[in-house]
Amino acid sequence: MRKFRSILFICAFAALVVGGATGLLRVASTTPLILQAEVYEHAAGHAESAPAGHAHEAEEWEPADGWQRNGLTVLATMVATFGFALLLAAVSEFAGGIRNWRAGLLWGSAGFAVFVAAPSLGLPAELPGAPESPLLARQAWWLFAAAATAGGLALMVFPRRLLLAVIGMALLVAPHIVGAPAPTAGQALAPALLEHRFLVTTAIVSLIFWLALGAWLGLSRSWFRERLA
């Protein structure tokens with residue numbers, strides 16, 4: 001029970017420190033790109049609704065630009081960080097735990113591969129106004145890609161048996177052989193350069209997040225282990 005409480009504390013503090021810092025980084029890096037893309041999206045929406053005479057439908061609520069939007073971005077990132085930290089800490093305990101910050105970097109790299117790199121090969125980060133496939137199909141494929149990548153990496157790294165390593169490699173490529181759901185016909189509203197900047201920026205921020213989270217968990221676990229020894 002004492003160990004469980006320490007893990008909860010470590011993950012909660014990770015949400016405050018790593019999650020808060022990553023949220024601010026997103027506000028400074030990706031949010032401006034999203035706002036630029038929304039300009040094109042709103043312009044296209046106004047053009048389509050130009051013929052007057054139709055009643056305005058109630059619009060879905062969305063946070064106002066500025067402190068409200070930025071605050072929700074930081075808060076959502078902190079909540080997600082707590083969940084990812086719990087997951088990473090729990091899974092790593094089956095392999096003896098994250099012993100130090102160096103091991104944390106390896107575990108963070110694995111988290112990046114599972115939750116960002118592999119799914120992004122089929123479903124890259126998209127700006128508002130980009131053609132999309134059905135939501136349920138995207139969610140199902142994303143889960144498939146993440147689970148297959150996690151299982152594949154585990155089979156390749158931990159058992160150290162050739163047959164299991166081959167099975168692990170097959171799991172890694174399986175989602176991409178199946179293929180991600182194709183987006184609906186249409187053209188992205190934002191310029192290609194803006195999309196490219198968003199894709200690269202999102203990947204860099206995600207990599208920083210996962211490396212920082214892994215290193216934080218390793219440092220915190222080693223600190224608690226010394227205190228509880």
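Determine whether A113 is part of a helix (DSSP H, G or I) and in the same structural domain as L88 (by TED's automatic domain parsing). Break it down into steps so the answer makes sense when it comes.
Values: part of a helix (DSSP H, G or I): yes; in the same structural domain as L88 (by TED's automatic domain parsing): yes.
The answer is yes for A113.
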### Query
Which of the following residues is farther than 21 Å from L106 by Cβ and under 15 Å from the mean Cα position of the chain (by Cα): L123, L213, L207?
L123
#### Entry: Residue among F158, F94, F144, F112 that alone is within 22 Å of G214 (Cα to Cα) and modelled with pLDDT of 95 or more
F112
### Task
Could you please find all residues in the stretch 139-159 being within 14 Å of the chain's Cα centre (by Cα) and in contact (Cβ under 8 Å) with a residue 24 or more places away in the chain?
A145, A146
### Task
State whether one or more residues within the stretch 191-203 are polar (S, T, N, Q) and either in contact with a Phe, Trp or Tyr (Cβ under 9 Å, 6 or more places away or on another chain) or loosely packed, with under 13 Cβ neighbours inside 10 Å (or both).
no
### Summary
If we take the stretch 118-219, then helices (runs of 4 or more DSSP H) inside it with 1 or more residues that are closer than 20 Å to R26 by Cβ are 118-122, 135-157
## Note on the structure
Inside the stretch 1-45, the number of residues satisfying the requirement of being farther than 21 Å from I208 by Cβ and small (G, A, S) is 5
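The values are calculated or read from the model by the stated rules, or taken from the named source; none is laboratory data. All of these numbers come straight from a predicted model, not from anything done at the bench. A quick note on method: Cβ atoms are made from the backbone with ideal geometry, for glycine too, and the neighbour counts reach across all protein chains shown.
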